[in-house]
Amino acid sequence: MRDNSPSPMPDGAKITDRQGDQYKVNVSIPLDADGFFGRQCPECSMLFRVHGDDYAALPDELRLWCVYCGHNADHGDFYTDQQRARAMEAARALGAQIAQGAELLTS
């Protein structure tokens, strides 16, 4: 008999919605001890920090400006390499669950 129990999602990753064969996965970005998280400019690659509470209060259509070079782009373009790796880890885990034919849970 085949085990259809889902393999776990990485810490901070959660399947939140499913519409047919499309899934929505939220991946949290951990904050540092002072409540900040990193952003990385896609133009100059410099890192800067943003306070989590301030960021959460901003609209989803947010555009950021690099504090170093002034590059302006969608906030999703400012992920750090570690944040991209975290999202890819969640995508791989979801893919593994789909490949297993697991009954995926959403909440």
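Here the condition is being of a type outside the set (Phe, Trp, Tyr), surrounded by 13 or more Cβ atoms within 10 Å (Cβ to Cβ), outside any strand (DSSP E or B) and at negative phi; of ALA87, ALA33, it holds for ALA87 alone. Per the listing GLY20, GLY38, GLY101, the residue uniquely at pLDDT 90 or above and open to solvent by less than 60 Å² (accessible area, probe 1.4 Å) is GLY38. Counting the residues of the range 32-58 that are under 16 Å from the mean Cα position of the chain (by Cα) and more than 25 Å from CYS69 (Cβ to Cβ) gives 1.
Screening the range 42-76 for residues that are open to solvent by 70 Å² or more (accessible area, probe 1.4 Å) and either touching a residue at least 60 places away in the same chain (Cβ under 8 Å) or not in a loop (DSSP other than H, G, I, E, B) (or both) and picking the one that is farthest from PRO10 (Cα to Cα) gives TRP65.
The values are calculated or read from the model by the stated rules, or taken from the named source; none is laboratory data. Predicted model, so just to flag it, every value in this text is computed and none were measured. Cβ sites come from the backbone with ideal geometry, for glycine too, and all protein chains shown count toward neighbours. Surface areas here come from the heavy atoms of the whole protein model, side chains and all, with no ligands, DNA or RNA. Shrake-Rupley method; radii C 1.70, N 1.55, O 1.52, S 1.80 Å.
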